[in-house]
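These notes are about the structure you will find just below.
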Amino acid sequence: MRRTEALRSLVRETHLRPEALIYPLFLVPGEGIRKPISSMPGCFNLSIDEALKEAAECARLGLGGLLLFGLPAEKDEQATGAWEEHGIVQNGLRAFKADSALKNLVLIADVCLCEYTSHGHCGIVARDGEGVDATYEIKNDESVSLLAKTSASLAAAGADIIAPSDMMDGRVQAIRTELDRVGFDQTPIMSYAAKFASAFYGPFREAADSTPQFGDRRSYQMDGANLREAMREVEQDLQEGADMILMKPAMPYLDVLQEARRRFDIPMGAYQVSGEFSMLHAAFERGWLERDRAMLESLVSIRRAGADFIVTYFAKDAASLLR
C-alpha cells in the first residue's frame, strides 16, 4: 500500500488542506510599508495597503483566514491603541471587509495588550520602586476590563472571530459578556486556552515590537511542564464561553494538543509559532533540511496530533504546494 504515490494518497489518514491554514499578518501605520522581519524570512510588517495585497494572495491560494496583529503609532501604559475606534487593526479590519475579493477569508483579531503597552507586558502593570530593586505585578482584573473593551472595538470593526491570547484569568467570560452587551452575541471567541511561557516566541517579539521592558511573562503564561493544568485552563475557558481553542506553541507541545483533542470535542487549532518557523528556515538556508518536505511534515504532525486548523507563517508556501 506504499508502493506508489496514488496508493499512499488513497490510504493516507491525515490530510492538509489550504482552507485549514491561517496566516498571521502584522499591521503598521502608514502607506507603502513592507518592512522585512529579520528573524522571520519572508515575513513583513505591512501598512494596510500592502496588507491588502498580501490578503488577496491568501484568498487566491484558498487559505482559511488571517490572524491580525497591530503595531500602533504610539504606546502607553493603558494600551490605548488596542481599543480605540481607529486603531491599526480596527482600520485594517474595515479595509479588508470592504474588499469583496477577501470575502472567503475569516478575519481573526488577536486580543492582547503587549503590542500596545509601553512596557511590553500583556496587561496593566503596577510597579513598586525603581532600578534593580523594583518589583511589579500584573493587575489581572484591570487588564481583563481593557481586553473586553478591545474585543468589542474589534468586533465593531468587522472581526469574524475574537482571539484573546493574553492568559489573564477570567478574560473569556468578561469578553463574552461585553460582546453580548454591545450586540455581538454571534461573534465567536477563539481562546488561546493553553499558551505556554515559551522560548519559541523570540522572533515574534521583533515582529510585534512586544518584548517586555522588565521581567518576563511567566507569572501569567503557563509553565511548560504542566499538562494537567493545561487541561484545567481549557475546561475553564470553555465554561466561560469560548467557542474554540488555540494551543500555543505547537510542535513542542503536541502531547498537550493530543490530550486536549482526546478530552474536548470542540473546534481546536494550534499555532506554529515564530521560533518554530525561524528554526526550520535556518536549517533550510544551510541546506540541512529539504524545505518543502520538512515544512509539510511539520504541519502534518500538528494535524495528526489533533488540530483542526493551524496558524502558521508557512501558510502561503504550504498552500502553494497543496493546490
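The values are calculated or read from the model by the stated rules, or taken from the named source; none is laboratory data. These figures come from a predicted structure and were not determined experimentally. Backbone-built Cβ (ideal geometry, glycine too); neighbour counts: all protein chains shown. Protein only, heavy atoms only, side chains kept; ligands, DNA and RNA dropped before computing areas. Shrake-Rupley method; radii C 1.70, N 1.55, O 1.52, S 1.80 Å.
I'd like to check something: does region 281-288 contain any residue that is within 19 Å of the chain's Cα centre (by Cα) and in a loop (DSSP other than H, G, I, E, B)?
no
Might you check whether a residue that is more than 27 Å from Ile175 (Cβ to Cβ), assigned to a helix (DSSP H, G or I), open to solvent by 60 Å² or more (accessible area, probe 1.4 Å) and not polar (S, T, N, Q) occurs anywhere in region 217-237?
Looking for residues that are more than 27 Å from Ile175 (Cβ to Cβ), assigned to a helix (DSSP H, G or I), open to solvent by 60 Å² or more (accessible area, probe 1.4 Å) and not polar (S, T, N, Q), one finds none in region 217-237, hence no.
Would you confirm whether or not region 58-67 contains a residue that is in contact with a Cys (Cβ under 8 Å, 6 or more places away or on another chain), open to solvent by less than 10 Å² (accessible area, probe 1.4 Å) and at pLDDT below 95?
The answer is no; no qualifying residue exists.
How many residues does region 54-73 contain that are in a loop (DSSP other than H, G, I, E, B) and in contact (Cβ under 8 Å) with a residue 60 or more places away in the chain?
4
Restricting attention to region 149-193, report how many residues are assigned to a helix (DSSP H, G or I) and either open to solvent by 10 Å² or more (accessible area, probe 1.4 Å) or aromatic (Phe, Trp, Tyr) (or both).
The qualifying residues number 11.
With surrounded by fewer than 18 Cβ atoms within 10 Å (Cβ to Cβ) and of a type in the set (Ser, Thr, Tyr) as the only criterion, which of Ser39, Ser9, Ser47 stands out?
Unique residue meeting the criteria: Ser9.
Return only the number of the condition from (1) open to solvent by 50 Å² or more (accessible area, probe 1.4 Å); (2) not in a loop (DSSP other than H, G, I, E, B) that Arg2 does not satisfy.
(2)
Can you run down the residue pairs with Cβ atoms below 7 Å, 6 or more apart or on separate chains, where the first is in region 1-23 and in contact (Cβ under 8 Å) with a residue 12 or more places away in the chain and the partner is open to solvent by less than 50 Å² (accessible area, probe 1.4 Å) and hydroxyl-bearing (Ser, Thr, Tyr)?
Close Cβ pairs satisfying both conditions: Leu21/Thr312.
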